[in-house]
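The values are calculated or read from the model by the stated rules, or taken from the named source; none is laboratory data. Quick caveat: nothing in here was measured; it's all calculated off a predicted structure. In this analysis, Cβ positions are derived from the backbone assuming ideal geometry, glycine residues included, and neighbour counts consider all displayed protein chains. In case anyone asks, the SASA skips ligands and DNA or RNA and just uses the protein heavy atoms, side chains included. Shrake-Rupley method; radii C 1.70, N 1.55, O 1.52, S 1.80 Å.
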Amino acid sequence: MVNVSSGFGRFGFPFSAVYSASKFGLEGLSEGLHYELRPLGVDVAILEPGSFPTEMSQKVQSGSDASILEGYQAIDHIPNKIFSAIGRMFETVKPNPQEVADAVVNLIRLPQGQRPLRTVVDPTTGELVKAANEAVQAEYTKGLAAFGIEELSA
């Protein structure tokens with residue numbers, strides 16, 4: 001099983017809290033199942049793509065109730081800063097959404113038992129996500145050992 005999460009599934013990114021929360025949930029479910037099912041011969045892998053130029057970014061909407069929007073004036077410029085930065089990254093790095101599809105295919109083609117828990121596909125900020133994954137994995141392995149189930153980390 002390959003579940004597509006996001007780099008935002010590892011961090012509660014500003015102005016993406018609901019999106020991050022949904023990805024946090026998918027990450028937790030997938031991680032738990034990864035360890036539970038692997039001894040039974042079932043692989044569960046998480047794919048963590050970063051930002052790619054897709055239709056998703058073109059469908060972001062703001063609320064239309066001006067009376068509510070007024071209460072957010074102190075921070076209403078921040079989403080535009082984020083979208084501008086993403087746009088600049090897309091122009092500089094030119095991430096190709098095909099990389100995500102290719103990563104899914106690569107995970108599927110790996111032999112059973114050799115699929116990693118997490119695969120990051122993110123040419124812009126992927127190193128941040130990879131570093132977080134590695135740090136958490138090191139501590140998680142210690143946690144499994146503390147509960148006497150270190151064989152699940154293999």
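Phi angles across the stretch 113-126 convert, under the Karplus curve 6.51 cos²θ - 1.76 cosθ + 1.60 with θ = phi - 60°, into 3J(HN,Hα) values of x, 10, 7, x, 4, 10, 10, 9, 10, 7, x, 9, 10, x Hz, Gly and Pro given as x.
Report, to the nearest 10°, how far helix 98-109 tilts away from the longest principal axis of the Cα atoms in the chain, using its own Cα long axis and a range of 0 to 90°. The angle comes out at about 20 degrees. Amide H contacts of Arg118: Ile46, each under 5 Å away and 5 or more positions distant or on a separate chain (H built 1.01 Å from N in the peptide plane; Pro and chain starts excluded).
With the simple spin-label model, which puts each label point 7 Å out from Cα in the Cβ direction, the Ala17 to Ala135 separation comes to 2.3 nm. Entry note, the chain: the mean residue ellipticity at 222 nm calculated from DSSP H runs of n ≥ 4, each adding -39500 (n - 2.57), is -15500 deg cm²/dmol after division by the residues and rounding to the nearest 500. Taking amide H atoms as placed 1.01 Å from N in the peptide plane, the amide H of Val2 lies under 5 Å from those of Ala45, each 5 or more residues away in sequence or on another chain.
Across His77, His34, the residue with the most accessible area heads the list, and the full order at a 1.4 Å probe is His77, His34.
Under the simplified labelling scheme, the Asp76-Arg88 pair shows an inter-label distance of 2.4 nm, with each label point 7 Å from Cα along Cα→Cβ. Counting every C-alpha pair in the chain, the share spaced more than 25 angstrom apart comes to 39%. For Val18, the accessible surface of its heavy atoms amounts to roughly 120 Å² (probe 1.4 Å, protein chains only, rounded to the nearest 10).
Listed by chain and number, the lysines whose alpha-carbon sits under 24 Å from that of Lys130, ignoring those within fewer than 8 places in the same chain, are Lys23, Lys94, Lys142. Sequence-ordered 3J(HN,Hα) estimates for the stretch 18-35 from the Karplus curve with 6.51, -1.76 and 1.60 and θ = phi - 60° stand at 5, 4, 4, 4, 5, 6, 4, x, 5, 4, x, 4, 5, 5, x, 5, 3, 6 Hz, glycine and proline given as x. Kindly identify the stretch 1-64 as rounded, prolate or oblate by the Cα gyration tensor criterion: order the square roots of the eigenvalues as a ≥ b ≥ c, call it rounded if a/c is under 1.5, otherwise compare a/b with b/c, prolate if a/b is larger, else oblate. Prolate, because a/c is 1.5 or more and a/b exceeds b/c. Considering only Tyr72, Ala135, Ala85, the residue lying farthest towards the positive end of the dipole of the chain is Ala85, judged by Cα position with unit charges set on Cβ.
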